[in-house]
Amino acid sequence: AQSVTQLDSQVPVFEEAPVELRCNYSSSVSVYLFWYVQYPNQGLQLLLKYLSGSTLVKGINGFEAEFNKSQTSFHLRKPSVHISDTAEYFCASTFSGGYNKLIFGAGTRLAVHP
Amino acid sequence: DTEVTQTPKHLVMGMTNKKSLKCEQHMGHRAMYWYKQKAKKPPELMFVYSYEKLSINESVPSRFSPECPNSSLLNLHLHALQPEDSALYLCASSQGSGSGRPEQFFGPGTRLTVL
């Protein structure tokens, strides 16, 4: 069965520092992977996606993620964060041939401090 | 237009009320979803409509009744809810199975409070 694990429930970081939010997945079939961001009292916004091809994917707001099949990981990175990046981040997966159902990780709360 | 809209933004209802949540998208997507999200938790899938037909019901209680009047609209009818049903209800849409575009786009949500 598919599952997604976000290894950190909270990540505090200072403004302009780099950040990495970790995500591991398990699936016996080819997966599609996503990172979503949720600001307080809002819906989810798609940051980036991995469907196939290049393992380094770039998204909005300066975020990028690397798909690593051998380590079954899809970690999210940003080289320099801003206060406005404070939000909840969800990693999610679905699989080829059945992608009507997203499997979400538990979420990581990114708190950027001045 | 890459937007999913939801109305109302907030809803307060009593346990005997009947109300409806509405969702609309104009991206030509053929799959639409309802999710329920409790505080500090990820969204939980409730229903999936694919090509206007209900394809997934995640064992949701019958007090929640979905409806897909056409490919752009999705409703969630609510009746005899319980206080534990208070949550953020999110609608999403995607291109649909077989399109090669599995990413889902979410609306802003309806914050529901059941008294």
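Key figures for this structure:
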| item | result |
| --- | --- |
| Cβ neighbours within 10 Å from other chains - mean over B:98-107 | 6 |
| Selection of GluC sites (Glu not before Pro), region B:1-88, meeting DSSP coil and at most 12 other Cβ within 10 Å | B:Glu3 |
| Mean-position separation - Cα centroids, region B:1-63 and region A:1-66, in angstrom | 24 |
| Free-standing Cys residues across the protein assembly as shown, given no other cysteine C-beta under 4.7 angstrom | B:Cys68 |
| Pairs of lysines in chain A (C-alpha under 17 Å apart; 8 or more residues apart or interchain) | 5 |
| Proximal lysines to B:Lys18, defined as alpha-carbon separation beneath 26 angstrom and excluding residues fewer than eight positions away on the same chain | B:Lys9, B:Lys36, B:Lys38, B:Lys53 |
| For B:33-45, mean number of other protein chain Cβ atoms within 10 Å | 4 |
| Sequence of B:His10, A:His82, B:His29 from largest to smallest accessible area, 1.4 Å probe | B:His10, A:His82, B:His29 |
| Sparse-neighbour loop sites [GluC sites (Glu not before Pro); region A:1-95; at most 15 other C-beta within 10 Å; DSSP] | A:Glu15, A:Glu16 |
| A:Ser54 accessible area, 1.4 Å probe, all protein chains in place, Å² to nearest 10 | 80 |
| Cβ neighbours within 10 Å from other chains - mean over A:40-48 | 5 |
| Loop trypsin sites (Lys or Arg not before Pro), region B:1-95, which have at most 11 other Cβ atoms in a 10 Å radius of their Cβ (DSSP) | B:Lys9, B:Lys40 |
| Residue order for A:Val29, B:Val114 - accessible surface, 1.4 angstrom probe, largest first | A:Val29, B:Val114 |
| Net charge dipole size for chain B [Lys, Arg +1 and Asp, Glu -1 on Cβ; Debye, nearest 20] | 280 |
| Three-way shape call for chain A based on the alpha-carbon gyration tensor, with the a/c threshold at 1.5 | prolate |
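The values are calculated or read from the model by the stated rules, or taken from the named source; none is laboratory data. Remember, it's a predicted structure, so these values are computed and weren't measured experimentally. With ideal geometry, Cβ positions are generated from the backbone for all residues, glycine too; neighbour counts draw on all protein chains shown. Heads up: the accessible areas ignore ligands, DNA and RNA and are worked out on the full protein's heavy atoms, side chains in. Shrake-Rupley method; radii C 1.70, N 1.55, O 1.52, S 1.80 Å.
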